[in-house]
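First up is the structure itself, then whatever we jot down about it.
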Amino acid sequence: MYPPEDGAAPRPARPVAAPAYPADRAFSSPDGMTWVGVSSRFTWHRRVSALLWGLPVALFGGLVVLWVAGGLPALLWVVAVVVACGLGWIVAELAYRSWGYAERSDDLVVSYGVFVKRLVVVPYGRMQYVDVTAGPVEQMLGIATVRLHTAAATTDARIPGLPKGEAAQLRDRLAQRGEERSMGL
């Protein structure tokens, strides 16, 4: 089931379980806030993208291997690509579950990562601009990505898989907070 569309009531914040490992404390919700998750359509975006890459790679790669090495290596190539797409299908769900963000009074906190967990804190006063992008698959699914750009490229952050209306509202809030905090600079 898809989350509410534009104009509907906002989605509730996703509760986060207590940290299971000592290292998880570094990624627990800031100041007792709960993370706001991304849309479940993000999972489908990742899955469709994996298939859109996997099918041509299986087809053309299989044909090349068939022409160069014969039938069995070509079959093994196609099986390997199908297995990789299957793993991509599973990782898409894990990636969806890993994304979350929290808006604090002075900064935005973004957490994500399946195999390598990351926590990015972007002070509002350091933001140069905020933009919203949506590729063809994202447009089809009604989601968008919010990108925050700062002076240091390593602290740029993005929040993918937000419903379009929520992405626009977040962009506006972040831009306003950025302007308020940067007036003294």
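The values are calculated or read from the model by the stated rules, or taken from the named source; none is laboratory data. Just so it is clear, the model here is predicted, and its values are computed rather than measured. Glycine also receives a Cβ, built like all others from the backbone with ideal geometry; neighbour counts cover every protein chain displayed.
I'd like to know if segment 129-145 contains one or more residues that are within 17 Å of the chain's Cα centre (by Cα), assigned to a strand (DSSP E or B) and among the small types (Gly, Ala, Ser).
Within segment 129-145 (the criterion being within 17 Å of the chain's Cα centre (by Cα), assigned to a strand (DSSP E or B) and among the small types (Gly, Ala, Ser)), the answer is yes, since at least one residue qualifies.
If you take the residues in segment 100-123 that are in a loop (DSSP other than H, G, I, E, B) and out of contact with any helix residue (DSSP H, G or I) (no Cβ under 8 Å at 6 or more places or on another chain), which one is modelled with the lowest pLDDT?
Taking the candidates together, the pick is 105.
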